[in-house]
1. With (1) within 14 Å of the ligand (Cβ to nearest atom); (2) of a type in the set (S, T, N, Q); (3) in contact with a strand residue (DSSP E or B) (Cβ under 7 Å, 6 or more places away or on another chain) as the list, and SER62 as the residue in question, which single condition is left unmet?
2. Any idea which residue in the range 1-47 is most open to solvent (accessible area, probe 1.4 Å), counting only those that are of a type in the set (Asp, Glu), away from the ligand (no atom under 16 Å from the Cβ) and in a helix (DSSP H, G or I)?
3. State yes or no: is ALA69 open to solvent by 40 Å² or more (accessible area, probe 1.4 Å), over 12 Å from the mean Cα position of the chain (by Cα), more than 19 Å from ALA14 (Cβ to Cβ) and not polar (S, T, N, Q)?
4. Only one of (1) more than 12 Å from the chain's Cα centre (by Cα); (2) surrounded by 14 or more Cβ atoms within 10 Å (Cβ to Cβ) fails for LEU139. Which number is that?
5. Within the range 48-59, take every residue that is open to solvent by 70 Å² or more (accessible area, probe 1.4 Å) and near the ligand (Cβ under 10 Å from one of its atoms) and give me the one that is nearest to the chain's Cα centre (by Cα).
6. Out of the residues in the range 107-123 that are assigned to a helix (DSSP H, G or I) and touching a residue at least 12 places away in the same chain (Cβ under 8 Å), which is nearest to LEU84 (Cα to Cα)?
7. Right, SER121: of a type in the set (Ser, Thr, Tyr) and at negative phi or not?
8. What's the number of the condition ALA105 fails, among (1) of a type in the set (A, V, I, L, M); (2) closer than 21 Å to VAL76 by Cα; (3) away from the ligand (no atom under 13 Å from the Cβ)?
Amino acid sequence: MATERTLSIIKPDATRRNLTGRINALFEEAGLRIVAQKRIRLSDLQAGAFYEVHKERPFYASLVSSMTAGPVVVQVLEGEGAILKNRSVMGATDPKKAEPNTVRAQFAESIEANSVHGSDSPENAAAEIAFFFAGTEILP
Ligand code: CMP
């Protein structure tokens with residue numbers, strides 16, 4: 001399998017509970033390298049644009065407000081099959097459906113405050129990485 005990069009976000013519900021290190025340990029134990037990382041506060045405009053694809057969903061306004069409620073850690077994860085690997089480390093969107101030991105099974109508070117985001121395809125990974133990082137900020 002090819003080396004890939006994926007965009008990960010540790011969400012405000014997780015940064016509030018000081019879980020960044022424990023979540024990063026799960027990524028690293030799975031063989032994902034954190035090749036870029038920064039802690040930022042998203043504006044309404046940024047969160048709205050990032051989740052534009054969900055604009056018509058009933059949870060959009062609440063999602064944007066939960067993503068701006070505190071700092072997030074945006075990061076680029078690199079590794080073999082990183083996109084799918086990260087999704088299996090994260091677990092299902094709904095923590096009630098997430099496999100045991102996944103990030104969301106262990107840490108998510110709800111389907112919305114689900115601790116992490118990860119890109120779901122190579123196309124989205126490229127677009128989402130470019131949304132937050134310049135090429136010079138990514139250091140394998
Ligand atoms: P994420 O992987 O970041 O992608 C979209 C986000 O929308 C998702 O995680 C959740 O935070 C949120 N989300 C998805 N489905 C629902 C839902 N049914 N109700 C509330 N929030 C949701």
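The values are calculated or read from the model by the stated rules, or taken from the named source; none is laboratory data. The structure presented is a predicted model; accordingly, all values stated were derived computationally and were not measured. Here the Cβ is made from the backbone with ideal geometry for all residues, glycine too, and neighbour counts use every protein chain on show. Ligands, DNA and RNA are stripped out before the accessible areas are found, and what is left, the full protein with its side chains, is counted by its heavy atoms. Shrake-Rupley method; radii C 1.70, N 1.55, O 1.52, S 1.80 Å.
1. Failed condition: (3).
2. Here is the first cut: in the range 1-47, the residues of a type in the set (Asp, Glu) are 4, 13, 28-29, 44.
So of that shortlist, the ones also away from the ligand (no atom under 16 Å from the Cβ) come out as 4, 28-29.
Checking which are in a helix (DSSP H, G or I) leaves us with 28-29.
Details: GLU28: 111, GLU29: 144 Å².
Among those residues, the one meeting the criterion is GLU29.
3. On the way: open to solvent by 40 Å² or more (accessible area, probe 1.4 Å): yes; over 12 Å from the mean Cα position of the chain (by Cα): yes; more than 19 Å from ALA14 (Cβ to Cβ): no; not polar (S, T, N, Q): yes.
Answer is no for this residue.
4. (2)
5. VAL53
6. Applying the filter and picking the extreme gives PRO122.
7. Yes, satisfied.
8. ALA105 satisfies all of (1) of a type in the set (A, V, I, L, M); (2) closer than 21 Å to VAL76 by Cα; (3) away from the ligand (no atom under 13 Å from the Cβ) except (2).
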